[in-house]
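Handing you a structure now.
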Amino acid sequence: MKRNIKVDAYINKTENRKDDSTMRISITNFRLVIVVALSLYTLTVAFIFWGFQDKSSWFPKRFRKSHLSEIQVLVDDDEEEMYEYVNKEENPTIESDAEQRETTFLKLGNIYIFSAYFDNRPNIRPKIRIMTIKQSNCSQNIGCAFKYQNHWIRVYAERHEMCENHGRFYGGWMYFCDVPEQFIDTNSNALSTSDIRLFESNNLEMLVPINITSQTYQDSSKFKLLGQFTDPIGICIPPLFGEINLPMLLQFIELGKIQGVTHFTFYLHKIDDSIRKILDHYQEKGDITLVEWILPSTISLREIWYHGQMLTIQDCLYRNMARTKYLGFLDLDEFIIPLEYFKLTDLLDNYAKKLPTISNISAFSFQSAFFDPKQLPDPSQQLKILQLQRRNSKLSKVRTKLLTVPQNVFELGIHHVSKPIDEFKQVLYVDPDVAKIHHYRACIINFEPDMTCFKDLKDDTILKYSDELIQNYKDAVKNTMHLFAPANELQKSSVK
């Protein structure tokens, strides 16, 4: 019996030790969980704080992806002189610690100015609209000086923050100056672009020349600013950068031309020589306008939303306002495809006939259908956009794209009209059974709770363009092959 008591005591002592060990392990694990949680919290706070800091010297280079999945671009952060204007036609550069980099902006104090437009649309006070990038917390103001007889009339500018800066350190801002009464009421006192200057609010005597890119309305009988309505449909493309897919670029331009698009405006950030040669070819033909888009070297791409896309949208809107009846905004992997009509002009003209007046429409909004590029392609078709014939059945009502009536718009967002020129101008939401966006990318549900991506269906509407598109694509390739021939081969052909 005593032996059994000793055995039982030993067993109890052993079990107590196990319980103590288990408890110590549990306490250790609990402490480990607490430490990990606190570490994650600290890292989260640090990253949030990091997002508001100037980090240009922390990481000199990094990779970013563009709107096409294949594209990457190496980004460099540089420093810029305080005040210097660069004439892009002479291809000068700005000295920096990291590299030499040209820019297409005029720096006035702490404000970077890209372009200016004379807004002479009917029923509003004529204004000079100035497209700028500046720090979000910069309180500096600028103004316009108008030469009248033998003196200058100075007008302080109002400012408007563009709608999708997403809280970045730099963002797009529009400044606008009212044109003085002296140039409005009297026909003899016409306003000339050579008689307009800019000034800083804290330096009224320093007048800086500014080029007026264009006006917004074609009837300018009182002003010496030329403009002419020439295009029924134009398309604006946001900044291009990286390794652009050349076949997709050709298909984008050629299909647009088939649909009735008469002019494209491309903003060029960083592209390789082959893409530039193709775009230069189209520009020489008069099909496109190329706008150099080189951000100031002091602005890191981490500090501004998507290469300054918002500013390019407003610039393209005002740049084409006087010459284009309808103006669309698309990426290279997006196409507006009507179901019943062949040309976009026919679609829009049909809407115009049904509406009481087109003057009350600011834009036509189209829902998006995603065509995943990784799907099994149709082997009977030759071109990428013709091969991809399955799309998600649910359409995106968030990632819409617009065909605007530009003269009825004050400001655009990426997917919506941020502000019409007056409150009576409305957006017309196009029924997807009439037309939709074909977006050649994987389905995405971000910011859209009702969006689903797991069901798809066949949609071969685009095949109605196949014969003409294939032929035009082949012609485009044939007509641009000489751009890529070696120099010695070109010399031989010229001799023959």
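Would you mind getting the accessible area per residue of the stretch 268-312, heavy atoms of the protein chains only, 1.4 Å probe, in Å²?
Ligands and nucleic acids excluded, the figure is 32 Å² per residue.
Mind giving me the nanometre distance, one decimal, between the label points for Lys270 and Leu463, set 7 Å out from Cα along Cα→Cβ?
Distance between the two pseudo-spin positions: 4.2 nm.
In addition: Just to make sure I understand: if all protein chains stay in place, what is the order of His482, His160 by accessible area at 1.4 Å, largest first?
His482, His160
While we're looking at this one, here's another question. Using θ = phi - 60° and the Karplus form 6.51 cos²θ - 1.76 cosθ + 1.60, what ³J(HN,Hα) does each residue of the stretch 468-477 get, whole Hz, x for Gly and Pro?
The phi angles translate into 5, 5, 4, 5, 5, 5, 4, 5, 5, 5 Hz.
Quick one: which residues, 5 or more positions from Gln389 or on another chain, have an amide H under 5 Å from its amide H? H modelled 1.01 Å from N in the peptide plane, none for Pro or chain starts.
Distant-sequence amide H within range of Gln389: Asp378.
Another question, if that's okay. Any chance you could check the Cα centroid distance between the stretch 414-469 and the stretch 278-331 for me, in angstrom?
22
Sticking with this structure for a sec: Could you give the length gained on full extension between Gln471 and Tyr41, defined as 0.36 nm per residue of separation minus the Cα-Cα distance, in nm?
148.9 nm
Measure up Lys394/Lys474; Lys343/Lys478; Lys127/Lys285; Lys257/Lys353; Lys127/Lys353 against 28 Å on the Cα-Cα distance and list the ones that go over.
Pairs exceeding the cut-off: Lys394/Lys474; Lys127/Lys285; Lys127/Lys353.
Compute the distance from the alpha-carbon center of the stretch 132-168 to that of the stretch 369-400, in whole Å.
Comparing the Cα centres of the stretch 132-168 and the stretch 369-400, I get a distance of 44 Å.
Taking θ = phi - 60°, what integer Hz values does the Karplus form 6.51 cos²θ - 1.76 cosθ + 1.60 yield along the stretch 253-263, in sequence order, with x for Gly and Pro?
With coefficients 6.51, -1.76 and 1.60, one gets 5, 5, 5, x, 5, 4, 7, x, 6, 9, 7 Hz.
What FRET efficiency, computed as 1/(1 + (r/R0)^6) with R0 = 30 Å and r the Cβ-Cβ distance, is obtained for Asp349 and Glu423, rounded to the nearest 0.05?
The pair Asp349/Glu423 has a calculated efficiency of 0.70.
Counting only residues 5 or more places away or on other chains, whose amide H sits under 5 Å from the amide H of Leu330 once H atoms are built in the peptide plane?
The list, which skips near neighbours in sequence, is Cys236.
With a 1.4 Å probe and every protein chain left in place, tell me how much accessible area Phe183 has, in Å² to the nearest 10.
Rounded to the nearest 10, that gives 10 Å².
Taking R0 as 45 Å, what FRET efficiency do you get between Glu205 and Gln375 from their Cβ-Cβ distance, rounded to the nearest 0.05?
FRET efficiency, Glu205 to Gln375: 0.10.
Hey, another quick one. HN-Hα J couplings of the stretch 417-427 from phi, Karplus 6.51/-1.76/1.60, θ = phi - 60°, integer Hz, Gly and Pro as x?
7, 6, 7, x, 5, 8, 5, 8, 7, 10, 8
If you rank Trp173, Trp293 by how much accessible surface each has, with a 1.4 Å probe, what is the order from largest down?
Largest accessible area first, the residues go Trp173, Trp293.
Would you list Val477, Val417 from the most to the least accessible area, probe 1.4 Å?
Reading off the accessible areas and sorting them downward yields Val477, Val417.
I've got another one for you. At R0 = 45 Å, how high is the FRET efficiency between Gln387 and Glu161 if r is their beta carbon distance? Nearest 0.05 is fine.
0.55
Can you give me the long-range amide H partners of Phe264? Hydrogens built in the peptide plane at 1.01 Å from N, cutoff under 5 Å, separation of 5 or more residues or another chain.
Ile235, Ile288, Thr289
The values are calculated or read from the model by the stated rules, or taken from the named source; none is laboratory data. All of these numbers come straight from a predicted model, not from anything done at the bench. Positions of Cβ are generated from backbone atoms using ideal geometry, with glycine treated the same way; all protein chains shown enter the neighbour counts. Heavy atoms of the whole protein, side chains included, go into the accessibility calculation; ligands, DNA and RNA do not. Shrake-Rupley method; radii C 1.70, N 1.55, O 1.52, S 1.80 Å.
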